[in-house]
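Q: Okay, handing you the structure first.
Where a number appears in this text, it was derived from the coordinates with a stated rule and is not lab data. Source: prediction; values computed, not measured. Backbone-built Cβ (ideal geometry, glycine too); neighbour counts: all protein chains shown.
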Amino acid sequence: MGIEKQTIKSERLGESYYKIKHPSGLNILVWEMPEFSSIYALFGTKYGSINTKFKTKNDKDFIEVPEGIAHFLEHKLFENEDCDVFELYAKTGASGNAYTSFDQTAYLFSCTENYKESLKILLDFVQAPYFTKETVDKEQGIIGQEIRMCEDTPYRQVFFNLLRCLYVNHPVKIEIAGTVESIAKIDAALLYSCYNTFYNLNNMALAIAGNIKLDEVLAICDEHLKVKENPELVTAFPDEPKEVNKEIFVQEMPVGIPLFAIGYKSVPFDGKERVKKELEASILLNLICGSTSKLYKELYDEGLINSNFYTEVDSGDGFFASIFSGESKSPQKVFKRIKDEIERIKKDGIDSDLFEIIKKAEYGKLISGLNSAEKCATLMFESDLLIGVDAFENIEALAQITEKDILDCIDILFDNSKTAISIVKSNI
Amino acid sequence: MSNSKIREKITDGIYITTINDKKFNVNTIGIRFISKVDEKKASAYSLVTRVLQTSNSKYTTRTMLTKELARLYGAGISQSVFRLGDCQAFYLGANCVCDRYALDNEEITNSVTEILLDCIFSPNLVNGVFNESDFEIIKQELIDNINNKINDKRGYAIDKALETVFQNEPAGVPLDGTVEVLEKINCAEAFKEYKEMLRTSRIEITVSGGGDFNETVKLIKSRFEGLEREFISSEFVSLSPVKEKAAEVDEKFDVLQSKMVIACKTDIKDPEQLKLFSLMFGGLPSSKLFMNVREKLSLCYYCASNIISEKGVMLIDSGVENSNIKNAKDEIFKQLDEMAKGSFSDDELNNAKTAVCGSLRSYNDSASGLATWWLTQLCVWNRDFSPEDAIEKYKSIKREDIIEAAKSFKLDTVYIMSGDDKGGAE
């Protein structure tokens, strides 16, 4: 079987990378940056905390697994049968790490030398699970500590409380690491079952950027990728109503000024449409209450927000929300003013000059997002694995967005009947 | 290496360092006002740089300024404060994408530089002082930020520990000052401190990135050359005296996971020797602390050592279950003892060298990383020492040097932030 090689180019930026469909089923993304010293590689699977219900062609019914298992599996994969992966990286000089998010688990390394050796380590250990009762029991202690640390972090609490307000059933509302109770249900057999389902090369991607050569990378892949049968994975999510779960949630913790997060729930989007909607939502967040907007100035001058105010779009398989977060002594007043401003924009339209300025700022942000091997590798990886688009899709989509597009989507993205606020206030 | 630096003295105590490589797609102009401070100065200078960051005489409100920067392809002006030994550096900087990305051939970098320089030299004044109402908002925001430091438990525990570690030393002055002092500073006083900061601080400017900086450097020099100066020079490196009896601080908080910060002090002044020791001891995933305290014994979620070499201090910070505090502490000292006895392999030493050399080589891939590197070397350590020079130095460090470093540390402070023990996850 021949190798399918594509060059993905951005005329606008004068940048390009290679996309290879490997016979093993793996998508390999390679960005040669010969003028840099660093190398950054990510190898991972489209498997995160939200994938708790699934089946393969060998299963009759859907299987449900405990919350936090994707993250648990990530921790455990670092242990080989005979040694720890960090010890192997220590010899090549690479710095290894991994992360689990809502919809992905990624294993990565960065280095400036011996990248070929480090790449072999990465491909080998991710394809060689080793779980025993002893190692699983020990990890429960370590992850238990991690969960406690998250519970002590008010920024994280305010965010997850918001997701629990916005979503009725979707598992995005669950903490990525699970709970001390849910991880207690994890055992070696369950880990193997999840591993064999999701860690299939057809459900994975490898992205590498920096001072590397395509041929060298492919030669290592040919040698180290293990071809396995495609299990024909199907993941399922519970039905999610359009309405929010509840409009407000308040938690008390030791904090200074109260924290808040205000979210607008929307129907989810896929592929290129998701890229476009994420950009449109980001532009709208800025038009409504970004640091260049009229409302931001008013709230700031009235002391209702401070400069720790930011906006973000949180989207993935089956979920999409536009979020304003910050610190305020009166979060409810901020909430009301944002709702009013949205209605005003829907009635009066958007400020054309501000729209152009925000578009330019977004363009600058995307360019700054390509200034290191790490950022380039991450962009290729996430675009391909999570959304199924090329890395330059966002910059192309941004160039096409018009004022009319923004007006057309405001009703879907910012519906005042599908919004919620989460507040963390002080108990000291 | 393709990167090169050019350093020039503008006038008494003011230096500009330029780092340029076409591979970078963003530019950063960083200006640091560096001074030995007490609580009053720390509070005032932090407040002043925050006021300067938000407006200037041309763009008189935060929104106007932000809008203009957004128009320049999402450029930004940022402010921060950090420690350099016994001094604090008050940073004001601008970043933007390189001019080659402009869609209509606009001049980006020089326009952004002009805005930053106007923020510093031509602030928005009313009746000869800062705009009072803006000033009050920014002051309140800084006070809120100080009160909010508790939100980050790990950082807060380190801050609190440092206050005890550097008792009665300038290095113990909190970053951003204190709420008590800030509450008393009025607009006129802040304006006086602003003038003082420009007149007496050491000023270190860096211009780094992928642009063509001839004009940018000229612009910057022309504004700083005319500055009226009475430069007060400061020493950066001074070893912190170790306490006769180690201090123990235990604060109770409503937290699920306790934090422990241990500080040890040394009389060794060699930053590379100390850093390499610390990497082997608790700075890498293959280090003694990570492998034993976390991985083998599951006593902590994190347990890492760091060196403040200007002060001869090592900090070991950890997040632990309340019931494990004593065991974790015992194990940390046991591992330090192992290092002092030379119980480490040549592989461990070589692996730490490989890791540190790798990260030094990657400095050349980050314009702002290089700017920080050269600031530390030229200003704090007063040496023309490139990342490549550092690589050579690390390679020459021997096993005996590591043992010597391990033996030299004496316990100074143990700070514990503890919660109620609600039972562990064991």
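Q: So, with +1 on the Cβ of K and R and -1 on the Cβ of D and E, and no other charges, what is the size of the charge dipole of the range A:243-292 about its Cα centre, to the nearest 20 debye?
A: 160 debye
Q: When chain A is modelled as a GNM with alpha-carbon springs shorter than 10 Å, which of A:SER330, A:SER118, A:SER352 fluctuates the most?
A: Top of the fluctuation ranking is A:SER352.
Q: While we're on this one: Mind checking which lysines have their Cα closer than 23 Å to the Cα of B:LYS22? Skip sequence neighbours fewer than 8 apart in that chain.
A: Candidates past the 8-residue exclusion: A:LYS9, A:LYS213, A:LYS360, A:LYS365, A:LYS375, B:LYS5, B:LYS218, B:LYS221.
Q: In whole percent, what relative contact order does chain B give with Cα contacts below 8 Å and a gap of six or more residues?
A: Once divided by the residue count of chain B, the mean separation gives 22 percent.
Q: Most fluctuating residue of A:LYS347, A:LYS76, A:LYS277 in a GNM of chain A with Cα springs under 10 Å: which is it?
A: A:LYS347
Q: Moving on. Mind giving me the nanometre distance, one decimal, between the label points for A:LYS5 and A:ASP270, set 7 Å out from Cα along Cα→Cβ?
A: Going by the 7 Å Cα→Cβ label model, 3.2 nm.
Q: Go through A:LYS5/A:LYS276; B:LYS9/B:LYS398; B:LYS288/B:LYS398; B:LYS311/B:LYS395 and tell me which ones have a Cα-Cα distance over 29 Å in this structure.
A: Beyond 29 Å between Cα atoms: B:LYS9/B:LYS398.
Q: What dipole magnitude, in Debye to the nearest 20, does the protein assembly as shown give about its Cα centre under +1 on Lys/Arg Cβ and -1 on Asp/Glu Cβ?
A: Dipole of the protein assembly as shown, to the nearest 20 debye: 720 debye.
Q: Suppose a student asked you for the relative contact order of chain A, using Cα pairs under 8 Å spaced at least 6 residues apart; what percent would you report?
A: On the way: 811 pairs, mean separation 96.6, N = 428.
Relative contact order for chain A comes out at 23 percent.
Q: Here's a follow-up. Only sites in a loop by DSSP and with at most 15 other Cβ atoms within 10 Å count here; which GluC sites (Glu not before Pro) in the range A:1-90 make the cut?
A: A:GLU11, A:GLU35, A:GLU81
Q: Below 8 Å between Cα atoms, with a sequence gap of 6+, how large is the relative contact order for the range A:4-235 in percent?
A: Computed over the range A:4-235, the figure is 35 percent.
Q: Which value in deg cm²/dmol, rounded to the nearest 500, describes the helix-derived mean residue ellipticity at 222 nm for the protein assembly as shown, given -39,500 (n - 2.57) per DSSP H run of n ≥ 4 and division by the residue count?
A: Calculated from helices alone, the mean residue ellipticity at 222 nm is -12500 deg cm²/dmol.
Q: So which aspartates and glutamates pass the test for A:LYS294, namely a Cα distance under 16 Å, with those fewer than 8 places away in the same chain ruled out?
A: A:GLU302, A:ASP340, A:GLU341, A:GLU343, A:ASP348, A:ASP351, A:ASP353, A:GLU356, B:GLU68
Q: Still on this structure, I have one more. Can you flag which of B:LYS265/B:LYS353; A:LYS53/A:LYS425; A:LYS173/B:LYS160; B:LYS41/B:LYS139; B:LYS36/B:LYS160 are past 26 Å Cα-Cα?
A: Values: B:LYS265/B:LYS353 23 Å; A:LYS53/A:LYS425 35 Å; A:LYS173/B:LYS160 34 Å; B:LYS41/B:LYS139 14 Å; B:LYS36/B:LYS160 20 Å.
The pairs that break the limit, which is 26 Å between Cα atoms, are A:LYS53/A:LYS425; A:LYS173/B:LYS160.
Q: Just B:SER122, B:SER222, B:SER408 to compare: in a GNM of chain B, with alpha carbon springs under 10 Å, which one fluctuates most?
A: Per the Cα network of chain B with a 10 Å cutoff, B:SER222 tops the list.
Q: Run the reach check for A:LYS226 against aspartates and glutamates, Cα to Cα strictly under 15 Å, same-chain hits fewer than 8 apart removed. What comes back?
A: Filter leaves A:ASP124.
Q: Structure shown: which of B:LYS149/B:LYS252; A:LYS272/A:LYS339; B:LYS275/B:LYS410 lie over 19 Å apart, alpha-carbon to alpha-carbon?
A: Long pairs (Cα-Cα over 19 Å): A:LYS272/A:LYS339.
Q: Select from A:GLY144, A:GLY210, A:THR92 the residue farthest towards the positive end of the dipole of the range A:4-235; place +1 on Cβ of Lys and Arg, -1 on Cβ of Asp and Glu, and compute about the Cα centre.
A: About the Cα centre, the residue reaching furthest to the positive side is A:GLY210.
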